[in-house]
């Protein structure tokens, strides 16, 4: 039994490489990606529970999974993306530094330490959630959250190399029991053609 860490579908601001305000929704391709992910989980994985970030881009993705798998979606605000405060809405490529790796808190946002502490609490929540439902769970969240979970809470020894880009609706699977290990990393085999992942889009923020 495993925990599926799932990134949300594409947004217009992902594609434009802009740090996203909290209320950013999926674009049309992101909606198609979410439906493709939902079909994959319905047809090939025995998911028995869904938990999601409450941000629209994640919740829209989780809702498609819930409809396809006939499951309710439980919200967890701990799973939201790092809060970049006043930097949200800015072009990533126009910034003179990499905001995704900055340690200090942006004005009105979270420091990397605060973010790490929140993700640690989120990870504890999803492990307990998986135990309570007694089977594989889908966790719909964000690129930086997935990266932080893998870095801080999953045993990387002998596992796949951490990707520089987590694809929209990518599937990463970790074992449910401690020590948690990766069994599948950043898989987007459910996407192709017009809904394929755009590797130039911003993976986080």
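The values are calculated or read from the model by the stated rules, or taken from the named source; none is laboratory data. No experiment lies behind these values; they were computed from the predicted model shown. As a convention, Cβ positions derive from the backbone with ideal geometry for all residues, glycine included, and neighbour counts pool all protein chains shown.
Do you know which of the residues in the range 91-107 that are touching a helix residue (DSSP H, G or I) at 6+ places or on another chain (Cβ under 8 Å) and in contact (Cβ under 8 Å) with a residue 60 or more places away in the chain is nearest to residue 166 (Cα to Cα)?
The extreme case among them is 100.
List the residue pairs whose Cβ atoms are under 8 Å apart, where the first residue sits in the range 193-205 and is outside any loop (DSSP other than H, G, I, E, B), the second is modelled with pLDDT of 95 or more, and the two are 6 or more positions apart or on different chains.
194/29; 194/32; 195/29; 195/32; 195/33; 195/36
Where residues in the range 8-23 are outside any loop (DSSP other than H, G, I, E, B) and over 10 Å from residue 88 (Cα atoms), which of them is farthest from the chain's Cα centre (by Cα)?
16
Of everything in the range 84-116, what is exposed (fewer than 11 other Cβ atoms within 10 Å of the Cβ) and within 18 Å of the chain's Cα centre (by Cα)? Give them in sequence order.
Hit for the range 84-116 is 101, nothing else.
Being touching a strand residue (DSSP E or B) at 6+ places or on another chain (Cβ under 7 Å), farther than 27 Å from residue 32 by Cβ and surrounded by fewer than 16 Cβ atoms within 10 Å (Cβ to Cβ) is the filter here; which residues of the range 177-205 pass it?
179
Just name the residue that is farthest from residue 134 (Cα to Cα) out of those in the range 47-82 that are in a loop (DSSP other than H, G, I, E, B), touching a residue at least 40 places away in the same chain (Cβ under 8 Å) and in contact with a helix residue (DSSP H, G or I) (Cβ under 7 Å, 6 or more places away or on another chain).
The extreme case among them is 82.
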